[in-house]
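The structure appears below as structure tokens.
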Amino acid sequence: MADGALPRVIFGTSSLGNLFVELDAATKQQIVHEVVSNASGTPVFDSAGKYGAGLALESLGEALKAMNVPPDQVLISNKLAWKRAPLTTPEPTFEPGAWVNLKHDAVQDISYDGILECYEEGNALLGDYSSQIVSVHDPDEYLEAAKDEADLKKRKQDVLDAYRALIELRDAGKVQSVGVGAKDVTVIDFISDHVKLDWAMFACSITPYTHETSTISLLAKLKAQGVDVINSAVFNAGFL
């Protein structure tokens, strides 16, 4: 990262967006309190506009404010690609069955302007806080949805345009670092060929026992580029 190495543990926030179960405000505040109280150094939270259609970001900001945590004493990662939209159906149209009792829907917008809108909306939902660590959310899933080669080419350009926006935010000093997270490591490879990344998050199983040779080569490439690597699927290794 631009301002130093990432901590050994980063805390996810999908539960704050009512993933599979609706938590009350007191429980959410207690979760955030425990993270802040037990973090080694500056606590880092990973969130996204897709988590509860922005509810996770909103709940995180409210909990931090209730604890009087100074904005410069916490780091927030926001994975950008989804914006709030009116809820006009019995449940959200994205990831049906996953999110409980939401008041909003969310729509995907991976583009130069769309990512900037996601960034601004995320900071508004966080209230007194802002995201300093940013990325495009699940670019691999966006590319996998391509209908044909022409559509894939367009979607790849959409992703690169979105990263152009993020790099401009970093160059302007509005965010500390820009990264990528994906389950498909070939997409991390593709983006790292075109974008100067600060970090890469692997959402797939990488252990001494479960890995592909190509993945090890990619890790070596990222190390040579000075890119920090986050393993976000440590409990997907078969050890438990």
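Within segment 9-32, residues that are modelled with pLDDT under 95 sit with their Cβ atoms under 6 Å from residues that are of a type in the set (D, E, K, R), at 6+ positions apart or across chains, in these pairs: ILE10/ASP46; GLY12/ASP46.
Considering the conditions (1) over 15 Å from SER130 (Cα atoms); (2) over 19 Å from the mean Cα position of the chain (by Cα), ARG8 is excluded by exactly one of them, (2).
Among residues of segment 175-199 that are over 16 Å from ALA165 (Cβ atoms), those with a Cβ under 6 angstrom from a residue that is assigned to a strand (DSSP E or B) and polar (S, T, N, Q), sequence gap 6+ or separate chain, pair up as GLY181/SER135. Among the conditions (1) more than 24 Å from ASP138 (Cβ to Cβ); (2) in contact with a Ser or Thr (Cβ under 6 Å, 6 or more places away or on another chain); (3) not β-branched (Val, Ile, Thr), the only one that ALA39 does not satisfy is (2).
In this structure, is ASP109 within 26 Å of ARG164 (Cα to Cα), buried (at least 16 other Cβ atoms within 10 Å of the Cβ) and among the acidic types (Asp, Glu)? Judged against the criteria, ASP109 is a match. Within the set TYR129, TYR163, the sole residue that is among the hydroxyl-bearing types (Ser, Thr, Tyr), at pLDDT 95 or above, in a helix (DSSP H, G or I) and open to solvent by less than 70 Å² (accessible area, probe 1.4 Å) turns out to be TYR163.
For segment 12-57, how many residues meet the condition of being β-branched (Val, Ile, Thr) and assigned to a helix (DSSP H, G or I)? Write out each step before concluding.
Residues of segment 12-57 β-branched (Val, Ile, Thr): 13, 21, 27, 31-32, 35-36, 42, 44.
Pick out the ones that are also assigned to a helix (DSSP H, G or I) and you get 27, 31-32, 35-36.
Total meeting the criteria: 5.
The set of residues in segment 60-74 that are of a type outside the set (Val, Ile, Thr) and on the phi < 0 side of the Ramachandran plot comprises LEU60, GLY61, GLU62, ALA63, LEU64, LYS65, ALA66, MET67, PRO70, PRO71, ASP72, GLN73.
Taking the stated definitions as given, is ALA124 among the hydrophobic types (A, V, I, L, M, F, W, C) and either touching a residue at least 12 places away in the same chain (Cβ under 8 Å) or crowded, with 21+ Cβ neighbours inside 10 Å (or both)? Criteria not met by ALA124.
The values are calculated or read from the model by the stated rules, or taken from the named source; none is laboratory data. These numbers come from a predicted model, not from an experiment. Positions of Cβ are backbone-derived with ideal geometry, glycine not excepted, and every protein chain shown enters the neighbour counts. When the accessible area is computed, the model is the full protein with side chains, heavy atoms only, and any ligands, DNA or RNA have been set aside. Shrake-Rupley method; radii C 1.70, N 1.55, O 1.52, S 1.80 Å.
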